[in-house]
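> This is the structure, below, for whatever I ask next.
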Amino acid sequence: MLRLIGARLLTTIPSIIGVIIVTFLLTRVLPGDTAAYFAGPTASPKAIAEIRSKLGLDQPLPQQFASYVAALVKGDLGQSLTTGQPVTRDIAARLPASAELTLCGLLLAMSVALPLGVLAAVRQGSWIDHLCRIIATAGVSLPVFFTGLLLVFVFYFILGWSPAPLGRLDVFLSEPPRVTGFLLIDTLLAGDFPAFRAAIAQLILPAVTLGIFSLAPITRMTRASMLAVLGADFVRTARASGLSSGKVIGVYAFRNAMLPVVTTLGMVFSFLLGANVLVEKVFAWPGIGSYAVEALIASDYAPIQGFVLTMAVMYVMLNLLIDLLYGFIDPRVRLEG
Amino acid sequence: MIPSPLLAIRNLTVEFATRRGTVTAVKAIDIDVGKGETVAIVGESGSGKSVTSYALMRILDRAGRIASGSMIFSGLELARMPETEMRNLRGRELSMIFQNPRAALNPIRKIGHQIEDVLRQHALVGATQAQQKAIEALANVRIARPEERYHAYPFELSGGMCQRVVIALALACRPQLLIADEPTTGLDVTTQKAVMDLVSELTRERAMSSILITHDLGLAAAYADRVVVMEKGDVVETADANTIFRTPLHAYTRKLMRATPRPGCQLRDLLPEETISPVPSPVANQPSKQQHAPILRVENLIKEYPKAKSAGGLLSLLGGKSEEPFRAVNAISFCVGRGESVGLVGESGCGKSTTSLMVTRLIDATSGRIEFDGTDLTQIPARQFAASPFRARIQMVFQDPTDSLNPRFTAARAIADPLLRFPRLKPGESIRQRCEKLAGQVGLPLDLLDRFPHQLSGGQKARVGIARAIALEPDLIILDEPTAALDVSVQAIVLNLLQDLKQKLGMSYLFVSHDLHVVGLMCDRLIVMRGGEIVEQGNSADILANPRHEYTQALIAAIPAPPASR
């Protein structure tokens, strides 16, 4: 098992190196001059040149790259010019916020999409199948910022059920001591139940927004995969041996149908993690997506490079996790190790 | 005829709702199965034999429904029984085993647990005894080391072993009736014999009744008490197994019997009486007497597959534990004469397909020579062989006529494919004209040329594949189980077509097959392979009459006794 993980990690090294090179080059060819941006509109050319040399931007590209890699090896992603903080600290602070939101959104989506997809496949052509199709189509058709705003409008403005969409925790509550960075877990660890409830209240609308969006791929994939498996010979055997339909669908069909669904889940998760900028904006969520976009607008190299690199590493880890999950679900995959 | 049958099917009609309206798959049939009796239902594809059994188990798919009729099983009316009651009968009173046993088992569940599922469903065991009962069930189907196998997954077992597990599953609750739907199609003959012997022994031992659904008359004759012949949803004849093969009454039964290859018959004998070609060729098997100048000479041919992790799981399993590469073909030598048909037979995994792929130059040999008309073809890498002029001279007909045709090509386009690569047209002849001529040669009606594969029948697709192979007038055609996917009556026609074409065009055949009867009819000489090696080769008639190697003897003995010819 460990050897399998090791081997898998080794194969990802080239792609990580590729990501490092490409992000470095991309950030340099982007239009916009960091030094000019930070010197301000009234700065003299001399002041701009000074800042440029301070940032090391006047050196040739290979040299800049060498110093970037040297710092990277030491775990230093550089300093953000906009926040004035080390990028590693910024990311460490913001990644859990994004991860918590995305994970909750995905769990919500799964809890609806998986049963719906299974039902749609089992009752193919029935009203539930059509309902599934409508929900899925509507979910992807609505842009997330629109769903988000709509939810805020209804549940905060009209009904007043949810708190103001301003960040992860009510401003009057103090954050629990940081252990995992996931507020839901940290508040529980601290035994601070009012804060836990407040965190949930803040989380629920953005999570639902994300969930609605990711409902479609999961439902459709579950349905298609279930349909294929339900037509398989071994399901016929299970039926012919008189197994109850719960057993046939739950144990025989569903577990076999899980493989493509797990792949889809991984893809949806990694996509949402970096791409839910709009949701983070609508709910003032201090996530990593909005952080990266702000840095990009400011031509702030270090956070962008740090963000892309973090995403690449997360993607690799996620894929590894999915592969391990595969092995857990399907004994045939285990053989390859 | 039988005082109180265990099962009485009366007037059963099954309909399927399709896009083009309702199709009646089974038309008001009557079938009786007595206690302890084995009834075979035989027929070709589309005869409704499988649908009958699905209707009996009430596991028809969504589109199918029992339109009318009754099915009385030990006093119970199955046709109108509520689903919940029916579920209690399935697996406990009526069980079924299926074609393609590996697919019939849940690929990601331990086989022991699958058997336990059935036992628990019918509340025959508590949780504590379940494992022991499941192991017992495995032992009952003669699986060695059942305690270990209990933890195996289907992919870790051979096809024959998987079928034993399916049988264990079906018999775990000691049902009264076992339905076997093509239980041995796709299994090797020796495995088929072992599986069928096991089924008949177990059913006899438990005084069970069984229904054997098969397209193989030999199998029906060998294992059934009574035979029901079905054609296009109708039962055309029902009779005792002994009488039906000696004195078949219905024309369709006679046609089926004629088309079944059997010892002592000629290729022409397979065709229906009324369609025997006006110029029968008495020389069918004659050329074997004369000496052939070899067109293909294979020497010390070896194919090794590395036992690396990248190789497929199955191959590495076969290779054993050592780091040595697995030898699929181990230093074989043979030759094919000009105008000769040579049969390559053996069971799955014997290396016959690997050999044919090497000779066709689709894969490279590890070492050895493939001398074709004086040139060593192993010098040309398989990758570049498509561009070599030798490609035009060595062609192949593949096993599955459906899978080997591009679904987006019309028949004409498929036949023209080699012509577009190696233009060999006579002056003033268009590709279309050539295609039409080829279609004429293989007996494909010209109006079918613009159809797509899914609009053609199996036999028509096989003709397209053959027309494509002869388009360039090759010297050697490698036929890889060309009729394995076809019904016997279609097989008879295709085999005869191949034989005629060979004589007309002066080609040589390397005929790869698992069916000794078919190979015996088609080929002058036989090569028997096992484990990558040639165990016996010689004149077909001699080998079939007096096999010397014990493996060949076992192969021949395992073929179910075909119905005695009239």
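The values are calculated or read from the model by the stated rules, or taken from the named source; none is laboratory data. Since the structure is predicted, the reported quantities are computational estimates derived from the model, not experimental observations. Quick reminder, even Gly has a Cβ in these numbers, built from the backbone with ideal geometry, and neighbours come from all protein chains shown. Heavy atoms of the whole protein, side chains included, go into the accessibility calculation; ligands, DNA and RNA do not. Shrake-Rupley method; radii C 1.70, N 1.55, O 1.52, S 1.80 Å.
> Scan the range A:176-189 residue by residue and report those that are free of Cβ contacts under 8 Å to residues at least 12 places away in the same chain and not in a helix (DSSP H, G or I). Can you show your working first?
Step one: filter the range A:176-189 for residues free of Cβ contacts under 8 Å to residues at least 12 places away in the same chain, giving A:178-179, A:185-186, A:188.
If the condition is that a residue be free of Cβ contacts under 8 Å to residues at least 12 places away in the same chain and not in a helix (DSSP H, G or I), then A:Arg178, A:Val179 are the ones that fit.
> Identify, from the list B:Ile72, B:Ile66, the residue that is more than 13 Å from chain A (Cβ to nearest Cβ), in a strand (DSSP E or B) and under 21 Å from B:Cys173 (Cα atoms).
Among B:Ile72, B:Ile66, only B:Ile72 is more than 13 Å from chain A (Cβ to nearest Cβ), in a strand (DSSP E or B) and under 21 Å from B:Cys173 (Cα atoms).
> Name the pairs whose Cβ atoms lie under 8 Å apart, with the first residue in the range B:204-220 and open to solvent by 40 Å² or more (accessible area, probe 1.4 Å), the second part of a helix (DSSP H, G or I), and 6 or more positions between them or separate chains?
B:Arg206/B:Leu171; B:His215/B:Val488
> From the list B:Arg424, B:Arg408, which one is surrounded by fewer than 20 Cβ atoms within 10 Å (Cβ to Cβ), modelled with pLDDT of 90 or more, part of a loop (DSSP other than H, G, I, E, B) and not hydroxyl-bearing (Ser, Thr, Tyr)?
B:Arg408 is the lone residue from the list that is surrounded by fewer than 20 Cβ atoms within 10 Å (Cβ to Cβ), modelled with pLDDT of 90 or more, part of a loop (DSSP other than H, G, I, E, B) and not hydroxyl-bearing (Ser, Thr, Tyr).
> If you don't mind, there's one more thing I want to ask. Do we have any residue at all in the range B:114-136 that's in contact with a helix residue (DSSP H, G or I) (Cβ under 9 Å, 6 or more places away or on another chain), hydrophobic (A, V, I, L, M, F, W, C) and under 13 Å from A:Thr237 (Cα atoms)?
So far as the range B:114-136 goes, yes, one or more of its residues are in contact with a helix residue (DSSP H, G or I) (Cβ under 9 Å, 6 or more places away or on another chain), hydrophobic (A, V, I, L, M, F, W, C) and under 13 Å from A:Thr237 (Cα atoms).
> Against the condition in contact (Cβ under 8 Å) with a residue 60 or more places away in the chain and of a type in the set (A, V, I, L, M), how does B:Leu479 come out, does it pass?
On the way: in contact (Cβ under 8 Å) with a residue 60 or more places away in the chain: yes; of a type in the set (A, V, I, L, M): yes.
When the stated conditions are applied, B:Leu479 passes them.
> Just one of A:Gly231, A:Gly306, A:Gly246 is more than 14 Å from chain B (Cβ to nearest Cβ) and either closer than 17 Å to A:Ala99 by Cβ or open to solvent by 10 Å² or more (accessible area, probe 1.4 Å) (or both); which is it?
Details: A:Gly231 fails: more than 14 Å from chain B (Cβ to nearest Cβ); A:Gly246 fails: more than 14 Å from chain B (Cβ to nearest Cβ).
Checking each option against the conditions leaves just A:Gly306.
> Additional query: For A:Gln64, work out the one condition from (1) within 30 Å of A:Gly266 (Cβ to Cβ); (2) touching a Gly at 6+ places or on another chain (Cβ under 9 Å); (3) buried (at least 17 other Cβ atoms within 10 Å of the Cβ) it doesn't fulfil.
Going through (1) within 30 Å of A:Gly266 (Cβ to Cβ); (2) touching a Gly at 6+ places or on another chain (Cβ under 9 Å); (3) buried (at least 17 other Cβ atoms within 10 Å of the Cβ) one by one, A:Gln64 breaks only (1).
> Only one of these conditions is not met by A:Ile51: (1) without any contact (Cβ under 8 Å) to a residue 40 or more places away in the chain; (2) open to solvent by less than 80 Å² (accessible area, probe 1.4 Å); (3) more than 19 Å from A:Ser299 (Cα to Cα). Which number is it?
Condition not satisfied by A:Ile51: (3).
> Starting from the range B:136-155, take each residue that is closer than 15 Å to B:His113 by Cα and list its partners that are open to solvent by less than 60 Å² (accessible area, probe 1.4 Å) and of a type in the set (Gly, Ala, Ser), counting only C-beta distances under 6 angstrom and pairs at least six apart or across chains.
As it stands, the answer is B:Ala137/B:Ala168; B:Ala137/B:Ala172; B:Leu138/B:Ala168; B:Pro146/B:Ala139; B:Tyr150/B:Gly112, since those pairs meet every condition given.
> Here is a further query. Give all pairs with beta carbons closer than 8 Å in which a residue from the range B:374-392 that is modelled with pLDDT of 85 or more meets a residue that is polar (S, T, N, Q) and assigned to a loop (DSSP other than H, G, I, E, B); count only pairs at least 6 apart in sequence or on separate chains.
B:Ile380/B:Ser388
Yes or no, residue by residue, for (1) more than 18 Å from B:Met257 (Cα to Cα); (2) open to solvent by less than 50 Å² (accessible area, probe 1.4 Å); (3) in contact (Cβ under 8 Å) with a residue 40 or more places away in the chain; (4) not assigned by TED's automatic domain parsing to the domain that holds B:Thr253:
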residue: B:Val488; (1), (2), (3), (4): no, yes, yes, yes
residue: B:Ala492; (1), (2), (3), (4): no, yes, yes, yes
residue: B:Leu497; (1), (2), (3), (4): yes, yes, yes, yes
residue: B:Leu516; (1), (2), (3), (4): no, yes, yes, yes
residue: B:Leu526; (1), (2), (3), (4): yes, yes, yes, yes
residue: B:Val535; (1), (2), (3), (4): yes, yes, no, yes
residue: B:Asn546; (1), (2), (3), (4): yes, no, no, yes
residue: B:Ala554; (1), (2), (3), (4): yes, yes, yes, yes
residue: B:Ala558; (1), (2), (3), (4): yes, yes, yes, yes
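> Moving on to the next point. Can you work out which of the residues in the range B:75-86 that are within 14 Å of chain A (Cβ to nearest Cβ) and open to solvent by 50 Å² or more (accessible area, probe 1.4 Å) is farthest from B:Asp32 (Cα to Cα)? Full working, then the answer.
At the first step, the residues of the range B:75-86 found to be within 14 Å of chain A (Cβ to nearest Cβ) are B:78, B:81-86.
After this cut, where a residue has to be open to solvent by 50 Å² or more (accessible area, probe 1.4 Å) as well, the list is B:82-85.
Details: B:Pro82: 23, B:Glu83: 23, B:Thr84: 25, B:Glu85: 22 Å.
Out of the qualifying residues, it is B:Thr84.
> Go through the range A:84-102 and report how many residues are free of Cβ contacts under 8 Å to residues at least 60 places away in the same chain and in a helix (DSSP H, G or I).
Within the range A:84-102, residues that are free of Cβ contacts under 8 Å to residues at least 60 places away in the same chain and in a helix (DSSP H, G or I) number 1.
A quick yes/no check of all residues on (1) at pLDDT 85 or above; (2) within 25 Å of the chain's Cα centre (by Cα); (3) surrounded by 13 or more Cβ atoms within 10 Å (Cβ to Cβ):
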residue	(1), (2), (3)
A:Thr82	no, yes, yes
A:Val87	yes, yes, yes
A:Ala99	yes, yes, yes
A:Thr102	yes, yes, yes
A:Trp127	yes, no, no
A:Leu142	no, yes, yes
A:Ala164	no, yes, yes
A:Phe172	no, no, no
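> Checking the condition under 22 Å from B:Val518 (Cβ atoms), in contact with a Ser or Thr (Cβ under 6 Å, 6 or more places away or on another chain) and either at pLDDT 65 or above or surrounded by fewer than 15 Cβ atoms within 10 Å (Cβ to Cβ) (or both), which residue from B:Val342, B:Val336, B:Val329 passes?
Matching residue, one of B:Val342, B:Val336, B:Val329: B:Val336.
> Continuing with this model, one more query. Considering the range B:122-135 alone, what residues qualify as being free of Cβ contacts under 8 Å to residues at least 12 places away in the same chain and away from every other protein chain (no Cβ under 13 Å)?
Of all residues in the range B:122-135, those free of Cβ contacts under 8 Å to residues at least 12 places away in the same chain come to B:123, B:125-129, B:132.
B:Val125, B:Gly126, B:Ala127, B:Thr128, B:Gln129, B:Gln132, listed by residue number.
> Here's something else I'd like to know. So is B:Pro183 within 26 Å of B:Thr483 (Cα to Cα) and more than 11 Å from every other protein chain (Cβ to nearest Cβ) or not?
Yes, satisfied.
> Can you spot a residue in the range B:43-50 that is open to solvent by less than 50 Å² (accessible area, probe 1.4 Å), under 30 Å from B:Arg145 (Cα atoms) and not polar (S, T, N, Q)?
No, every residue in the range B:43-50 fails to be open to solvent by less than 50 Å² (accessible area, probe 1.4 Å), under 30 Å from B:Arg145 (Cα atoms) and not polar (S, T, N, Q).
> What's the number of the condition B:Pro154 fails, among (1) within 11 Å of chain A (Cβ to nearest Cβ); (2) under 19 Å from A:Gly242 (Cα atoms); (3) in contact with a Lys or Arg (Cβ under 6 Å, 6 or more places away or on another chain)?
(2)
> Please determine, by comparing only the residues of the range B:96-121 that are within 7 Å of chain A (Cβ to nearest Cβ) and in contact (Cβ under 8 Å) with a residue 60 or more places away in the chain, which one is most open to solvent (accessible area, probe 1.4 Å).
B:Asn100
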